[in-house]
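This report refers to the structure that appears directly beneath it.
FYI, it's all coordinate maths here, none of it is from the lab. Predicted, not measured: the structure shown is a model, and the values here were computed from it. So basically every Cβ, Gly included, is an ideal-geometry build from the backbone, and we count neighbours across all protein chains shown.
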Amino acid sequence: MQENFPFERETDRYRVVMGLEYKGTHFHGWQVQKSGMKTIQAAVEKAVSKVANESISTIVAGRTDAGVHATNQVIHFDTQSERTEYGWKMGINGQLPDDISVKWVQFVDTHFHARFSAKERAYRFVIHNSWVKSALLHEVTTWEQYSLDEKSMQQAANLLVGTHDFSSFRAAECQAHSPVKTLRELTVERFGEFVIIQARADGFLHHMVRNLVGVLLPIGRGRMPVAWAEEVLTHRNRSKGGVTAKGAGLYFIKASYDVPNFPETSPGPTFIQPILDMTHHRFDQV
């Protein structure tokens, strides 16, 4: 297997990085729970350990909450088991439930870290904006019955971009050392019945994206003024913010790294990708 490595191995253990796609509807988030509740991490580690024939622990680029999805989640693990990249991918996929999939596998230097090497992370929040709810989209989008003004939402989003104290958008149980983050993008676009919110930052606080959406939605409905977004930000108090948006519409779409030849895949999710492809929209550049 030595020819698969782009670097010199120093020990019998080596590092494997994988790109995951998952539907989080029936899981209690990413992280393993002491209670034994069903989580993405528990399912992935069980499958990887089976293929590796040893106990495997994984590190993730960004934890996701209960009901939240991912199109391009990144994880890594160390192992001494000899498998090809293709062997890892096919073997693990054969052990995973239908709502989790390994999209790609790559061997990396042990200096790579899925969490700490990430330069920024990106999410998409997909809203199905229709008077009638969809029977097919209810687990993969957030349904908004009342018409949204995406232009007002974008004006409000512009007030939140930059380096700020995001305490007003931080869950009470957030364990981050600092509430200061640099929000590099907060874009709101409509594609027919879909309103898509895209957020990129150097890092996110617990529930930060869902709380950002929770402020933008009342503005889009016309129930709060555009300036309210900045007022919430300035208060630095979670109690002054909006309701936390549901997790069903949220997708972890990308973690960015300074790694040569790192795999690039469409941000998705797949059911909106044809719309973006047809419009050749800048949303496809994450």
Cα lying deepest toward the dipole's positive end in the chain, options A43, H235, L137, charges on Cβ
H235
Surrounding charge for V232, neighbours by C-beta under 11 angstrom, Lys/Arg +1, Asp/Glu -1, total +1
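Using DSSP to define loop residues, name the GluC sites (Glu not before Pro) in the range 216-269 whose beta-carbon has at most 12 other beta-carbon atoms within 10 Å. Please report the intermediate quantities before stating the final value.
Values: sites: E230, E231, E264; in loops: E264.
Hits after loop and neighbour filter: E264.
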Give the distance, in whole Å, between the Cα centre of the range 17-40 and the Cα centre of the range 224-252.
26
Work out Dmax and Rg for the range 120-251 from the C-alpha atoms and quote the Rg first, both in angstrom.
13.9, 42
The chain: relative contact order from alpha carbon pairs under 8 Å, six or more residues apart, as a whole percent, is 21
Computed over the chain: longest principal axis from alpha-carbon atoms vs helix 208-220 long axis, angle to nearest 10 degrees, is 30
If you count, for each residue, the other Cβ atoms within 10 Å and average over each peptide, how do 241-250, 34-43, 206-215 line up from highest to lowest?
206-215, 241-250, 34-43
Output ³J(HN,Hα) for the range 96-111: one whole-Hz value per residue in order, computed from phi by the Karplus curve 6.51 cos²θ - 1.76 cosθ + 1.60 with θ = phi - 60°, and x for Gly and Pro.
8, x, 5, 8, 9, 9, 8, 8, 7, 9, 8, 8, 9, 5, 5, 6
Distance in Å, no decimals, from the C-alpha centre of the range 137-202 to the one of the range 65-92 is 28
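By the scheme Lys and Arg +1, Asp and Glu -1, what is the net charge of all other residues having a beta-carbon under 14 Å from that of H206?
Numbers: positive: R63, R121, R170, K181, R210, R238; negative: D65, E173.
Here the charged neighbours net out to +4.
When ranked by the protection proxy of mean other Cβ atoms within 10 Å per residue, highest first, what sequence do the peptides 162-173, 120-131 form?
Values: 162-173: 17.6, 120-131: 20.8.
Descending packing order for the listed peptides: 120-131, 162-173.
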Taking the chain as a Gaussian network, where each spring joins two C-alpha atoms under 10 Å apart, which residue of A61, A227, A52 fluctuates the most?
A227
